[in-house]
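Bear in mind these aren't lab numbers, they're just calculated from the coordinates by the rules spelled out. Just so it is clear, the structure is predicted and the values come from calculations on it, not from any experiment. All Cβ positions, even for glycine, are placed from backbone atoms using ideal geometry, and neighbour counts span all protein chains on display.
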Amino acid sequence: MSARRILILIAMAVLAAVPSLQAQDQDAAAAQAAMLAAATPGPIHAFLAEKTGSWDVTVTMWTQPGAEPGVSTVASKIEMVLDGRYMREDFSGEFFGMPFTGIGFTGYNNSTGLVTATWIDNMSTGTMIMTGKYDKAGDPLETSGKMFDPVSGKEMTMRSVTTWKSNDEFHIDYYVVMEGMGEYKSMSMAYKR
């Protein structure tokens, strides 16, 4: 085979590869754009950021349907962390006459449209994880999840409904489903600043 023919074959191979390389560049650009969109805080993150600050929280808790509620007032400090991507809440006060501290994180996933909320505190070794679809900042937020009940020794279903009253007031109501009792409101938290 002549040198000229070899050069022509090489040139044809390079030209054939150019569209493939361009497609790879376009795929890489699309992947980069998708990752950037997933990582960039958006309107719901900005809405959560408006809750930054110190709050007085009145917590009303029912241990079972029809029971007399226990009422406590606790302090909450909310801040955005990881460059505005997640809301962190630090809780402190007393529950039923005992010191209480807790930490919660709430995040919105741009890719799935889901809010994930986690909670840990000094009265349990478990982690509560709840998720819910959230489409528009300011609308009520409903999340659900499961939690282990140490009294019954079984997992129970929970849900929460957060209602935003204003920039200085919101409420979170928690409901549990217990075997033989159906769903009942177990806790109501009224935030004010």
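Being in contact (Cβ under 8 Å) with a residue 40 or more places away in the chain and assigned to a helix (DSSP H, G or I) is the filter here; which residues of segment 40-59 pass it? Quick ask: steps written out before the conclusion?
Here is the first cut: in segment 40-59, the ones in contact (Cβ under 8 Å) with a residue 40 or more places away in the chain are 40-48, 50-51, 53-59.
Residues satisfying the conditions are P43, I44, H45, A46, F47, L48.
Name the pairs whose Cβ atoms lie under 9 Å apart, with the first residue in segment 91-104 and more than 15 Å from I120 (Cβ to Cβ), the second of a type in the set (F, W, Y), and 6 or more positions between them or separate chains?
G93/F100; E94/F100
Each row is one residue, and each column tells you yes or no for (1) buried (at least 18 other Cβ atoms within 10 Å of the Cβ); (2) farther than 28 Å from M35 by Cα; (3) touching a Phe, Trp or Tyr at 6+ places or on another chain (Cβ under 6 Å).
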position	(1), (2), (3)
M87	yes, no, no
D121	no, yes, no
M130	yes, no, no
K136	no, no, no
T143	yes, no, no
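Tally time: how many residues in segment 134-158 are free of Cβ contacts under 8 Å to residues at least 60 places away in the same chain and in contact with a strand residue (DSSP E or B) (Cβ under 6 Å, 6 or more places away or on another chain)?
Adding up the residues that qualify gives 14.
Scan segment 65-80 and give yes if some residue there is of a type in the set (A, V, I, L, M), buried (at least 16 other Cβ atoms within 10 Å of the Cβ) and closer than 18 Å to H171 by Cα, otherwise no.
Within segment 65-80, the first condition is being of a type in the set (A, V, I, L, M), and the residues that meet it are 67, 71, 74-75, 78, 80.
Next cut, buried (at least 16 other Cβ atoms within 10 Å of the Cβ) only: 74, 78, 80.
Subset that is closer than 18 Å to H171 by Cα: 74, 78.
Yes; the residues of segment 65-80 include at least one that is of a type in the set (A, V, I, L, M), buried (at least 16 other Cβ atoms within 10 Å of the Cβ) and closer than 18 Å to H171 by Cα.
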